[in-house]
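Asker: Below are the structure tokens for one structure; questions will follow.
Coordinate-derived values only; no laboratory data. Please read these numbers as outputs of a predicted model, since none were measured by experiment. So basically every Cβ, Gly included, is an ideal-geometry build from the backbone, and we count neighbours across all protein chains shown.
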Amino acid sequence: MKQQVLKIAIQKSGRLTEKSLQLLRNCGIDIPAESRKLKASANNFPIELYFLRDDDIPEYVQDGIADLGILGENVLLEKKAAVETVMPLGFAKCKLSLAVPRNEQYEGLDYWEGKKIATTYTNILSNFLKKNKINAEIHSISGSVEIAPGIGLAQGICDIVSTGSTLLSNGLKAVEVVLNSQAVLISNQNLTNEKQQILDKLLFRIRAKQKAATNKYILLNAPDSKIDEICALLPGMKSPSVLPLREKGWSSLHSVVQENQFWEVIDQLKQAGAEGILVLPVEKMIV
Ligand code: PRP
Ligand code: ZN
């Protein structure tokens, strides 16, 4: 029987494209670098990539044209497709915001009462307005939302703000956050067992990478008399490897700790006598 292949839809060209490819490549999946056609097959893992408009991805995954999709939560929520959200991916973080012309005085949500707002995010915006009991008119357009106030189409807009440069170059300022978004992995609701197994393998690799990213391998030297004190400072260091140094009465401690825990106690570590501290990235973490 022919081996099944997991079809993954990613954004054809846009904010998520490179990072989506990077995510898969970081999992050791070899995706040919050749020009982006509609499809590409990985050389060493049973997946096939489809390069699509991000707006179309929810529907394609719902209908089983693709098995998985990588897209922004903003698009996922707007499209309301029947798909599974597998996991957040931690990249392409952005906000869906309301914005007004830079010189406009803005004092709060009441501003929007009776106003016209241009957006491609009609569903999300209408929920937001309803929730906040604001009567505003939504002007649905399919792109270039940021020019709407300048040409008198609307008083404000609701659109994605990532770096903020689009707003800036169009004389607008963000005044209200409607939604915080990041990239997510979605899947079709009826994967075959074989496809589910491929997905599980992929998830295993993604999680190993994610875990590794927040952990660091720490090496430090300390007087033997201070080892207990130092281990107490670093919760992750419950059971470090302790190697004797050539200098009597000193040891080298090795362990993996959460990076943020480490930075919080760095001064105390030094005070406790830690020396020669090295912090190294962890490539993959399988626990
Ligand atoms: C959003 C939005 C702006 C841009 C803002 O588009 O419509 O064009 O990003 O980014 P900035 O704050 O960094 O300037 P998106 O990437 O969602 O693409 P799409 O709507 O064309 O799919
Ligand atoms: Zn889009």
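Asker: Taking the C-alpha atoms of region 97-142, how large are the radius of gyration and the largest Cα-Cα span, Dmax, in Å?
Answerer: Both quantities, over Cα of region 97-142: 10.4, 29 Å.
Asker: Run the dipole for the chain about the Cα centre, Lys and Arg Cβ at +1, Asp and Glu Cβ at -1, nothing else charged, and hand back the magnitude in debye, nearest 20.
Answerer: Details: 34 positive and 32 negative charges, 106 e Å.
Using only the charged Cβ atoms, the result is roughly 500 debye.
Asker: Let me ask something else. So what does the Cα-only Debye profile of region 80-232 read at q = 0.19 Å⁻¹, as log10 I(q)/I(0), no solvent term?
Answerer: Values, matching the q order: -1.11.
Asker: Next question. Can you give the three extents of the C-alpha atoms in the chain along their principal axes, from longest to shortest, in whole Å?
Answerer: Between the extreme Cα coordinates on each principal axis of the chain lie 78, 62, 34 Å.
Asker: As I understand it, the dipole of the chain uses +1 on the Cβ of Lys and Arg and -1 on the Cβ of Asp and Glu, about the Cα centre. Which of Ala82, Cys94, Ile286 lies farthest toward its positive end?
Answerer: After comparing all options, I get Ile286.
Asker: In Å and on Cα atoms, what radius of gyration and Dmax does region 1-57 show?
Answerer: 11.2, 38
Asker: For the cross-link pairs Lys7/Lys79; Lys80/Lys116; Lys173/Lys209; Lys39/Lys80; Lys201/Lys270; Lys2/Lys201, which exceed 30 Å when the distance is taken from alpha carbon to alpha carbon?
Answerer: Over 30 Å Cα-Cα: Lys173/Lys209; Lys201/Lys270.
Asker: Give the order of Trp112, Trp263, Trp250 when sorted by the count of other beta carbons within 10 angstrom, beginning with the fewest.
Answerer: Values: Trp112 24, Trp263 11, Trp250 18.
By the 10 Å Cβ count, ascending: Trp263, Trp250, Trp112.
Asker: Ok, one more. So if R0 is 41 Å, what FRET efficiency would Leu243 and Gln22 give, r being the distance between their Cβ atoms, rounded to the nearest 0.05?
Answerer: So, using R0 = 41 Å, E works out to roughly 0.70.
Asker: First check a/c for region 160-243, with a ≥ b ≥ c the square roots of the eigenvalues of its C-alpha gyration tensor; if it is under 1.5, answer rounded, and if not, answer prolate when a/b is larger than b/c or oblate otherwise.
Answerer: It comes out oblate by the Cα gyration axes.
Asker: How many nm separate the modelled label positions at Leu203 and Val279, each set 7 Å beyond the Cα in the direction of the Cβ?
Answerer: Label-label distance for Leu203 and Val279, simple model: 3.2 nm.
Asker: Here's another thing I want to ask about it. Given region 214-281, what whole percent of its Cα pairs are spread farther than 13 Å? Spell out each step's value before the answer.
Answerer: Working: 1323 of 2278 pairs.
Across region 214-281, Cα pairs with separations above 13 Å total 58 percent.
Asker: Less than 13 Å Cβ to Cβ from Glu104, Lys/Arg counted +1 and Asp/Glu -1: what total charge do the surrounding residues give?
Answerer: On the way: positive: Arg102, Lys115, Lys173; negative: Glu107, Glu176.
Combined, the nearby Lys, Arg, Asp and Glu give +1.
Asker: What FRET efficiency would be calculated for the residue pair Glu34, Glu137, taking the C-beta separation as r and a Förster radius of 45 Å, to the nearest 0.05? Working shown, then result.
Answerer: On the way: r = 47 Å, r/R0 = 1.04.
Efficiency for this residue pair is about 0.45.
Asker: A follow-up question, please. Determine, at each q value in 0.11, 0.13, 0.25 (inverse angstroms), the log₁₀ of I(q)/I(0) that the Debye formula gives when each Cα of region 94-181 is one equal point scatterer.
Answerer: Calculated log10 I(q)/I(0) at the listed q: -0.24, -0.34, -1.45.
Asker: Another question, if that's okay. What FRET efficiency would be calculated for the residue pair Ser162, Gln4, taking the C-beta separation as r and a Förster radius of 22 Å, to the nearest 0.05?
Answerer: Once the sixth-power term is evaluated, E becomes 0.05.
Asker: Considering only C-alpha atoms, what is the centroid distance from region 66-85 to region 148-216, in Å?
Answerer: 10 Å
Asker: Taking the Cα of Thr214, stepping 7 Å toward and past its beta carbon, and measuring to each backbone N in region 62-77: which are under 20 Å?
Answerer: Residues 73 qualify, since their backbone N sits under 20 Å from the label point.
Asker: Here's a follow-up. Quick check on the exposure proxy: order Thr166, Thr85, Thr119 from fewest to most C-beta atoms within 10 angstrom.
Answerer: Ordered by Cβ neighbours within 10 Å, fewest first: Thr85, Thr166, Thr119.
Asker: Here is a follow-up. For the pair Arg53/Lys270, report the inter-label distance in nm, with labels modelled 7 Å from Cα in the Cβ direction.
Answerer: 5.5 nm
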